[in-house]
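Here's the structure, in structure tokens; my notes come after.
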Amino acid sequence: MDRATDHVRGVVTYDSRLTKGFSAEEICVICGWLCGKLCAMRLGVILLAVLLLAISLVSFDHAGAQSTKPILISHPDSTRALAFESVTRQREPFTTAVQVQFGSDPVTRIMLFAMNLQLQAGETASAVTADAEDASHTIYPLTVEHVDSVPDQPWATSMVVRLADDLRQEGDVLVRIKYRGIESNRVRVGIGHVGDGPPDDLNAVPTPGILLPPPSSLTATNLAQTDVQTILQQAASAANALGKPVNIVVTDREGNVLGFLPMPGTPSPSTIRSVGRLGQGLEGIAVPPAEAATAKAATAAFFSTGGNAFTTRTAGFIIQEHFPPGIDFRAGGPLYGVQFSSLPCSDIKKPSARLGLSGDPGGLPIYKNGVPAGGIGVEGDGLYTVDRNPADDDQPFEELIAASGVRGFEAPALIRGDNILVDGIRLPFSNVVNPPAPSSTASIAGATFGFGFGGVPPASEFVPQTVGGIGGEVDPRFFPFIAGTAPSTNALTASDVETIITHAAQQANITRAAIRQPLGSNARVSIAVVDTAGVVLGVFRQQDAPVFGFDVAVQKARTAAFFSGANAATALRTAGFGTYVDRAQADGLRFDGTVAFTDRATGFLHRPFFPDGINDTAAGPFSTAISDWSPFNVGLQLDLVKTNFLASVVGPAVPCTSIPALPNGIQIFPGSVPLYKNGVLVGAIGISGDGVDQDDLIAAAGANGFSAPAAIRSDQVFVRGVRLPFLKFPRSPNL
Ligand SMILES: [Ca+2]
Ligand SMILES: [Ca+2]
């Protein structure tokens, strides 16, 4: 193959991917202080760029783009360009030769950003030309190799520009572009070093974007009461046509019940039953169908985002003892244990998912105009279960009815679970391809619809907040960030917490998402830091991070802090779980503070096979034996919360466990790291929202500078001849 051609293609492909996955938040990550005030304000909500250049306000409409001046974006306080090296994303000064060479051409490419530049149909990057002037007033033509939009930021265009072969590293140059015969302003770029170079052009001024302030509040949905009524009616109509009375619940994205319809004749109660032994764990427990329907609606809502749409069928697929379910000698599901999160006993997620997250088909996400808006849950077969066989294409009527309900409110095809692959395995979405068309709503005349919140979308529990230049949200209960509560000279300070969460968020923003479409999107996660007492020191939710991760991130952090602490075994014994401690001690594990455990490590000890997924082995010390095991009878995780969880389903919420450091239970899939200062355990960070290897990577980035001493990491420990894991990172993780 022609190497030069290959190289060019490689560069273009790379930069196309970079820009396609690029958001304004990433601009901030990449350029850091370069963005100045850009980063100080929340990006990604509403970003209206209005440019003051010389005397004119610039129009952004497409028609105007052909006749008005393109504007290169600068710092807010100078004419220095918003620019970075297109491969390494280093800031200026730039070298003329690349630091990382992918092809035969060693010349550096830089990425610049412009406003008021929209290529017209049929035009390529060659429609834009560029040049640079150095201190000696030599003009160097530059090649514009790629021009692309910046997703979600319609005001901005990115360009990849190849520096000139003969450009010398002698300081600043003034760069401009030209499009359709109209020259842009000139911005300053440091080559070799920052400074020197020609003076600014006459009348040159900074040309930043100008942000509108973020909205002061959010709502938890964009569904109106008429939408909720339509969904309930469509579902009820299908239920009538099938002769299957059911309970139907619609929630918003955060689990607030917007509407419900308990159809007369719905089988009640629903009995929890999967595999394993009746009477153990939750097997055989009776629950109200309304609670089951709510759990299904909330699960679909909590799991679904602008980048992925998951159902309760998806959930059931990723929580079993093998992944995919039923395939021997495969490790457990990537979200093994997530069903016991967002519980009604949780101190974090309110409202909860009532029964935790559901793997019983019959819960689908709701999208309005392509935007995630909530979920629908349908229960009415008297059985609350998990689909054990993903291969039989079963179409339970609960799923049929839910699919009918969301007609007109379907998830966009691109982001449905069945367009998302984990470890090369396609996730399921729904087995119902053509849901029954709703018949006349007259057939449900007299049905008693219930509507929550007077038909007005409830306020979100989250408020917009920028942390470390990354746009997202916080729950005011956990913001501003606070210092560790334990009296210790090593306790985390509020500033430490800010640093840790910032580093994690910035890593997430450059980490290629595992579960989001389009490919090339960055991960969106919840980031939680707790102290050794399990007190939440801060939680930050990146914009559009799935809601389920809010509770789970805290669970993960508390789990790592708890099991890495000196009193874990003692606390478990005191709470009545000494048998698990005995089993762990038989495996040589003391849980006395001498080992740093991540969630990946303790989760590994909490699988019905040890090592994870390997059939015909004994269970890990925290797990139920496989003969008795079910998704509703996993072992320590459930046993810790079972009593108070069930009490909270029917009564007022009480903390999930009697162990003060674990008020919302533990979590047993990866994504947390214990934190240390001067070798002393001070807390933990937990991440949830994307693939678990991505969660691990982001947690580790947050823990940088607060890492466990290498000698005490769990991967220095062997159990039954098997090395325990500590963290696992994805290959080539960054965008
Ligand atoms: Ca059911
Ligand atoms: Ca099935």
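Restricting attention to segment 610-637, the residues being of a type in the set (A, V, I, L, M, F, W, C), over 17 Å from residue 586 (Cβ atoms) and surrounded by fewer than 24 Cβ atoms within 10 Å (Cβ to Cβ) number 2. Quick one: residue 332 ticks every box in (1) within 16 Å of ligand 2 (Cβ to nearest atom); (2) over 20 Å from residue 645 (Cα atoms); (3) surrounded by 24 or more Cβ atoms within 10 Å (Cβ to Cβ) except a single one, so which number is it? With respect to (1) within 16 Å of ligand 2 (Cβ to nearest atom); (2) over 20 Å from residue 645 (Cα atoms); (3) surrounded by 24 or more Cβ atoms within 10 Å (Cβ to Cβ), residue 332 is out only on (1).
Here residue 346 meets each of (1) assigned by TED's automatic domain parsing to the domain that holds residue 391; (2) within 15 Å of residue 549 (Cβ to Cβ); (3) more than 19 Å from the chain's Cα centre (by Cα) with one exception, condition (1). Report yes if residue 356 is more than 21 Å from residue 431 (Cα to Cα) and in contact with a His (Cβ under 9 Å, 6 or more places away or on another chain), otherwise no. It is false that residue 356 is more than 21 Å from residue 431 (Cα to Cα) and in contact with a His (Cβ under 9 Å, 6 or more places away or on another chain).
Counting only helices (runs of 4 or more DSSP H) that fall entirely inside segment 547-598 and contain at least 3 residues that are modelled with pLDDT of 95 or more and among the β-branched types (Val, Ile, Thr), the qualifying elements are 548-563. For residue 502, the requirement of being in a helix (DSSP H, G or I), surrounded by fewer than 23 Cβ atoms within 10 Å (Cβ to Cβ) and either touching a residue at least 12 places away in the same chain (Cβ under 8 Å) or assigned by TED's automatic domain parsing to the domain that holds residue 301 (or both) is met. Within segment 348-385, the set of residues being within 16 Å of ligand 2 (Cβ to nearest atom), assigned to a loop (DSSP other than H, G, I, E, B) and either closer than 9 Å to residue 296 by Cβ or among the polar types (S, T, N, Q) (or both) comprises 358, 360, 361, 362, 385.
The condition of being among the acidic types (Asp, Glu) and over 15 Å from the mean Cα position of the chain (by Cα) does not hold for residue 695. Out of segment 507-533, which residues are crowded, with 24+ Cβ neighbours inside 10 Å and either more than 26 Å from residue 88 (Cβ to Cβ) or basic (Lys, Arg) (or both)? If the condition is that a residue be crowded, with 24+ Cβ neighbours inside 10 Å and either more than 26 Å from residue 88 (Cβ to Cβ) or basic (Lys, Arg) (or both), then 515, 516, 524, 526, 528, 529, 530, 531, 532 are the ones that fit. The residues listed here are 487, 457, 428; of these, the one that is farther than 22 Å from residue 539 by Cβ and touching a Leu at 6+ places or on another chain (Cβ under 7 Å) is 457.
Taking every residue in segment 388-412 that is near ligand 2 (Cβ under 7 Å from one of its atoms) and pairing it with any residue that is acidic (Asp, Glu), at least 6 positions away or on another chain, the pairs with Cβ-Cβ distances below 9 Å are 394/387. Any residue at all in segment 619-639 that is within 25 Å of residue 537 (Cβ to Cβ) and in contact (Cβ under 8 Å) with a residue 12 or more places away in the chain? Yes, segment 619-639 has at least one match.
Please tell me if residue 351 is over 29 Å from residue 616 (Cα atoms), without any contact (Cβ under 8 Å) to a residue 60 or more places away in the chain and not acidic (Asp, Glu). Considered against the rule, which asks whether it is over 29 Å from residue 616 (Cα atoms), without any contact (Cβ under 8 Å) to a residue 60 or more places away in the chain and not acidic (Asp, Glu), residue 351 comes out as no. The residues listed here are 416, 426; of these, the one that is basic (Lys, Arg) and surrounded by fewer than 16 Cβ atoms within 10 Å (Cβ to Cβ) is 426. Contact annotation: residue pairs with Cβ atoms under 6 Å, 6 or more positions apart or on different chains, pairing a residue in segment 155-182 that is in the same structural domain as residue 112 (by TED's automatic domain parsing) with a partner that is basic (Lys, Arg) and part of a loop (DSSP other than H, G, I, E, B), are 174/186; 176/186; 182/69. Screening the candidates 197, 192 for the property of being surrounded by fewer than 19 Cβ atoms within 10 Å (Cβ to Cβ) and either of a type in the set (Val, Ile, Thr) or on the phi > 0 side of the Ramachandran plot (or both) yields one hit, 192. Contact map, segment 369-386: residues that are within 15 Å of residue 316 (Cα to Cα) paired with residues that are part of a loop (DSSP other than H, G, I, E, B) and within 7 Å of ligand 1 (Cβ to nearest atom), Cβ distance under 7 Å, separation 6+ or inter-chain. Pairs shown: 377/362; 384/360; 385/360; 386/360.
Could you tell me how many of the residues in segment 96-120 are surrounded by 15 or more Cβ atoms within 10 Å (Cβ to Cβ) and hydroxyl-bearing (Ser, Thr, Tyr)? Qualifying residue count for the region: 2. Can you find even one residue in segment 433-445 that is modelled with pLDDT of 90 or more and either among the small types (Gly, Ala, Ser) or over 32 Å from the mean Cα position of the chain (by Cα) (or both)? Taking every residue of segment 433-445 in turn, none turns out to be modelled with pLDDT of 90 or more and either among the small types (Gly, Ala, Ser) or over 32 Å from the mean Cα position of the chain (by Cα) (or both).
Within segment 382-411, if we keep just the residues that are surrounded by fewer than 21 Cβ atoms within 10 Å (Cβ to Cβ) and acidic (Asp, Glu), the residue that is nearest to ligand 1 (Cβ to nearest atom) turns out to be 394. At least 3 residues being more than 29 Å from residue 507 (Cα to Cα) and among the acidic types (Asp, Glu) is the threshold, and among the strands (runs of 3 or more DSSP E) wholly inside segment 80-160 not one reaches it. Scanning segment 357-381 for residues that are away from ligand 1 (no atom under 15 Å from the Cβ) and buried (at least 21 other Cβ atoms within 10 Å of the Cβ) turns up 365, 366, 367, 372, 373, 374, 375.
The values are calculated or read from the model by the stated rules, or taken from the named source; none is laboratory data. Computed from a predicted structure; not experimentally measured. Positions of Cβ are generated from backbone atoms using ideal geometry, with glycine treated the same way; all protein chains shown enter the neighbour counts.
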